[in-house]
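Note sheet for the following structure.
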Amino acid sequence: MRKFVQNIVSFSLKNSLIVLLGTFLLLAGGIYSYLHTPIEAFPDVTNTRVRVITQWPGRSAEEIEKFVTLPISKEMNTIPSKASVRSISLFGLSVVTVTFDDHVDDFYAQQYASNRLGNVNLPSGADFSIEPPSGATGEIYRYIIKSRLPIREVTSIQDWVIERELLAVPGVADIVSFGGEEKIYEIRINPTELQNYDLSPLDVYEAVSKSNVNVGGDVVSKGDQAYVVRGIGLLESKADIENIQIEVKGSTPVLVKHIAEVKVSAKPRLGQVGYNKEDDVVEGIVIMLRGENPSDVIARLKNRIAGLNGGELPGDVQIVPIIDRTELVNTTVHTVTKNLIEGIILVSIIVFIFLYNWRTTFIVASVIPLAFLFAIIMLKIQGLPANLISMGALDFGLLLEGTLVIVEHVFVALEHKAKKVGLERFNKMSKLGIIKKSAGSVAGYIFFALLILIVALMPIFSFRKVEGKMFSPLAFTLGYALLGSLILSLTYVPAMCKLLLTKNIEEKENVISRFFRVNVYRLYTFADRHKKAFMIGFGALLVICGLKFSSYGSEFLPNSVNLDESVRLTKEMKKTLENYDEVKFVMTQTGRPNDGTDPTGFFNIEFNIQLKPAGEWKNKGSKEDLLEKMRVSLEKYPGINFGFSQPIQDNVEEYVAGVKAPLVIKIFGNDLFELEDYANKVAGSIKTVPGISDVNVFKNIGLPELRIQLHDSKMAKYGISTADAQAVIEMTIGGQAATKFYEEERMFDVTLRFEKQYRDNPEKIGNILIPTKDGKKVPLKEIATIDYHTGPSFIYREGSSRYIGVGFNIEGRDLGSTIEDAKAKVAKDVHIPKKHKMTWAGEFESKERAAKQLMMVVPISLILILMLLYFNFGNMKDTLISSVTLAFAFIGGFLSLWFTGTIFGISAGIGFIILFGVATIDGIVLIGVMKENLQQKMPLRKAISEGVKSRIRPVVMIALMGSMGLFPAALSNGMGSEIQKPLAIMIVGGLIICMILSFTILPLVFYFAYRKKDAD
């Protein structure tokens, strides 16, 4: 393998023009790929899913579960490659969510679900739809519609004009309308007049449903012309509805207007939106198809909105953007770009300081953009987008390690030759042989070192589900960049050395490089004089770190209120939040959208609080301080549970856990009242655990019902069918759409319903007349019991079992130890019978799954690293000596976390993985030169000391470049810095500590391993 690598270097030197041409093509292809690679703020970490949304207005949660949710869930459970089936049943709405295994694509999932739904027999009036494929990060744009028109008319424009136009934009999956009033034509029946004409509601319904139809009569011929026959019977005005004939009494027709009033009205509202001072606006939420480039979709979307605002919309109607994902992408990309540019500058400065030569600095620094562009090309080929995590984890200092060692070695060899023969003669002679020999001598080491670093990333590729989708792009990006760096180090770098390092090669030492050379060697000699003390100290430090790490903190990453009361509370709380100077605007969402995509009730209020940039805040506190102030100011509203989150985080949490909470305890069982009792006990128990906040029971019980219990025996006595009785109840109280009214392209329900004063209490409802089979009318109270009950408001299911969730958050403490304390507290305080099952889900689940995966894969990765070390050294002794650097990585990484108070999470764990690979490079470089010195018959101590002295500069530069490459990210507090910061802290501190241990402990281990042989 070493010979093969040396041949690559030789080929590159002989064919430097071909290499430089290939480099130019890499540059051009990389720039093209960069301009055409999607950039996301955060990766879509969710699996493929299908959501079946069924609306059955007026039905209770139990009816929805029995007649809609369970039949759909049964069919969905038969789909191959499904991971789970979850459902929520609530008043008038069923949402069944099917998640799939990692490998399943959206087309397969949607097609299979659609086919299975063909086997489901849903009750009359239940309409289902399959949500278009979009991920948890699919929400890209929000807007409101500003107009002086009535809110009902604005809603119609949103539903029939704006939504249609925006859905046609390529890349848009769905437009979710929230707030406003859905227009209907309502026939408000007067039951007194109905009784006077001896009619029933069913008579009115039948007449209206049959009076709104066109027919075709084929064609008739007249002369040589054929005429299409059309029978026109569609309703065209409110007067047409009023004049629908119900029956003829004698010779007098009974019309709708005789027994009812026709009004332009609205469906019962499911939600309301407020924005700043406006309390009732129509909002549109734009959802992007999975896999699309958000920047491209938003650009097309803005272009279409500009056209609509430019005159296509009627009157003063304007679409006003509120939230634009482009701002988030730009802000996070700015954070990452700023960190990357600062890292590149710091790395270049370090190279120049230590080599003190602009040509070597240029060669080394030029590999940075080339390796980066190589990674972008590979991502483009693979179809992966770039995102904050993958870009932010790129440490350009690590990419330059191979380049640095080769350039430094070639530079030193040329400088020694120049000193030996003199500059004048040196400038005239050929340097090809020197470059070939010096570059070839270390190329093998570099090949194995970078290969080890790539292999070290293997555990990240093994992640699955949320953690896999979050961090695998990072592993691919860094792996491709390292591969590019390796290729460039063996081809481009030797060719550039041949091109640029031809004349006037002089080694110049400055104050900084001299400081490191003198003091690092002094540190080595001190350790050499106190071998036993240093080795004992190292062993003790390793044990302390191991013990401390084993207990170190870890992390991953009321229902019966009506809409009017909920909106009143929303207005009050919005005013409280608007008083904070840091707040740019507040948008409120009360209830749920009309299409059922967010299954919740009137009790649910969401405040979208947009903050000003931190630099504009008058109060220079942190975001956490601001949240605490808001939490305190909202405590004046008793009985309301507040939870603070962010939109993308909120969506991801719901995808992962099934409820909107970062962490959730699920208690499974069948009896909803029992479940709620246990959930309240669990919630009370965990509230006392330090670090736990925002505890919330997702209550199942709490929906007030006016229950009409029909009695079969009494109905049989009067000759009333259950279907007729139920139809009258549904129609007169809740309203029943009998037909559609067309206004050009728009379509609205024509609904029958009793006037409000005849259905607003149990007594009046009891007087509703039900038709019998012999044409008589019987009051409802004669055949039914009418009284109040409290029933289920939500029924959650996972798999085949009902469950209740207890959601909570963790603040000011690590995830791992907090969950352990909470589990112990619940086990002590709450006795859950065996017939019930309790699970802990959310980000804790992801963290546990990733930890188990790492426990399995990291040992395999370490074994592969040891195998590569063995292939490099060719013997077991040097392999074992070099493996000590893995302990250096562990100590360095952990001390970095410990000293900075950073909690260990998946991001920091990936930092550990990278450190394992980087630390071995120090071992390969130092052990390699020590062995060469021994082969030249140097005494052991001299071989070690000379080896250390000759490798101070490259090893120090490796550590400083790797640290400085991520130093800006370690200090960053901008938007998007939370994820990359633990990884950066781990590598920045870890590399420096690894360097110190490499110059103190590694030479001592080498000495003790070879002293017997030296004595012989």
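The values are calculated or read from the model by the stated rules, or taken from the named source; none is laboratory data. Everything numeric here is computed off the predicted structure, so don't read it as measured data. Counting neighbours? That spans all protein chains shown, and the Cβs are built from the backbone with ideal geometry, glycine included. Surface accessibility is based on the protein's heavy atoms, side chains included, excluding ligands, DNA and RNA. Shrake-Rupley method; radii C 1.70, N 1.55, O 1.52, S 1.80 Å.
Data overview
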read-out: Debye, to nearest 20: dipole size of segment 570-729, +1 on Lys, Arg Cβ, -1 on Asp, Glu Cβ; value: 380 debye
read-out: Charge dipole (debye, nearest 20) of the chain; +1 at Cβ of Lys and Arg, -1 at Cβ of Asp and Glu; value: 5780 debye
read-out: Listed residues 258, 836 arranged by accessible area, highest first, probe 1.4 Å; value: 258, 836
read-out: Local electrostatic count, residue 212, Cβ distance below 11 Å [Lys/Arg +1, Asp/Glu -1]; value: 0
read-out: Ranked order, 774, 101, 528 - accessible area, probe 1.4 Å, largest first; value: 774, 101, 528
read-out: Spacing of the two label points (7 Å from each Cα toward its C-beta) at residue 28 and residue 499, in nm; value: 1.5 nm
read-out: For the chain: accessible area per residue (Å², 1.4 Å); value: 44 Å²
read-out: Loop-located GluC sites (Glu not before Pro) in segment 766-843, at most 16 other Cβ atoms within 10 Å (DSSP); value: 811
read-out: Sparse-neighbour loop sites [trypsin sites (Lys or Arg not before Pro); segment 792-843; at most 14 other C-beta within 10 Å; DSSP]; value: 834, 835
read-out: Mean Cβ neighbour count within 10 Å, used as a protection proxy, ranking 24-34, 539-549 highest first; value: 24-34, 539-549
read-out: Carbon/sulfur fraction of accessible area - segment 43-99, other protein chains in place, 1.4 Å, %; value: 54 percent
read-out: Dipole moment magnitude, nearest 20 debye, segment 714-841 about Cα centre, only Lys, Arg, Asp, Glu C-beta charged; value: 720 debye
read-out: Debye log10 I(q)/I(0) at q = 0.21, 0.22 Å⁻¹ for segment 125-186, Cα point scatterers; value: -1.01, -1.07
read-out: Positive-end residue, the chain charge dipole about Cα centroid, Cβ charges, pick of 160, 736, 539; value: 539
read-out: Positive-end residue of 875, 898, 862, charge dipole of segment 814-918 with Cβ unit charges; value: 862
read-out: Within segment 879-952, trypsin sites (Lys or Arg not before Pro) in DSSP loop having at most 14 other beta-carbon neighbours inside 10 Å; value: 937
read-out: Cα shape, segment 89-174, gyration tensor, a/c 1.5 rule; value: oblate
read-out: Pairwise label distance in nanometres, residue 428 with residue 338, each label 7 Å out on the Cα-Cβ vector; value: 5.6 nm
read-out: Given 267/571; 146/575; 66/828, the pairs whose alpha carbons are separated by over 31 Å; value: 66/828
read-out: Cβ-derived FRET efficiency at R0 25 Å, residue 693 paired with residue 829, nearest 0.05; value: 0.85
read-out: Percent carbon-and-sulfur accessible area, segment 366-500, ignoring ligands, DNA and RNA, probe 1.4 Å; value: 66 percent
read-out: Point-to-point label distance, residue 632-residue 3, nm (Cα→Cβ direction, 7 Å offset); value: 7.6 nm
read-out: Largest to smallest accessible area among 840, 898 [probe 1.4 Å]; value: 898, 840
read-out: Sum of -39500 (n - 2.57) over DSSP H runs of 4+, divided by residues of the chain (222 nm, nearest 500); value: -17500 deg cm²/dmol
read-out: Calculated Rg and Dmax of the chain using C-alpha coordinates, Å; value: 36.4, 130
read-out: Fraction of antiparallel bridges per DSSP, the chain only, in percent to nearest 5; value: 95 percent
read-out: Accessible surface of segment 687-808, 1.4 Å probe, proportion on carbon and sulfur as whole %; value: 48 percent
